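The values are calculated or read from the model by the stated rules, or taken from the named source; none is laboratory data. Treat the numbers as computed from the prediction; the structure is a model and nothing was measured. Cβ: placed from backbone, ideal geometry, glycine included. Neighbour counts: every protein chain shown.
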Amino acid sequence: MGVAKPVPLGSCFALSGGIARVAESGANASDIPQVFWSNSNCTGLGRVIMPGQEAPSLGFGAHSLSGSFQK
């Protein structure tokens, strides 16, 4: 799953339906770091993906996204 439009800092975007089942890898085409989360409310295991980076394996199924302060 890729991120082109960033989720703003302090916001949580829950992935739904079939997307959540296939989001075991991640890519970030936005200009700010994004966090892929294991739960639908941006909690649990999290993996920061920096702008322009990909993660072939998140190590878990992602169910939500949030913006990140990490640079």
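Structure values in brief
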{"quantity": "Some residue of segment 19-30 being at pLDDT 85 or above, touching a His at 6+ places or on another chain (Cβ under 9 Å), of a type in the set (Gly, Ala, Ser) and crowded, with 17+ Cβ neighbours inside 10 Å", "calculated": "no"}
{"quantity": "Residues within segment 31-44 that are modelled with pLDDT of 90 or more and either closer than 16 Å to residue 67 by Cβ or surrounded by fewer than 14 Cβ atoms within 10 Å (Cβ to Cβ) (or both), tallied", "calculated": "9"}
{"quantity": "Complete set of residues in segment 6-18 that are among the polar types (S, T, N, Q) and either touching a strand residue (DSSP E or B) at 6+ places or on another chain (Cβ under 7 Å) or at pLDDT 85 or above (or both)", "calculated": "11"}
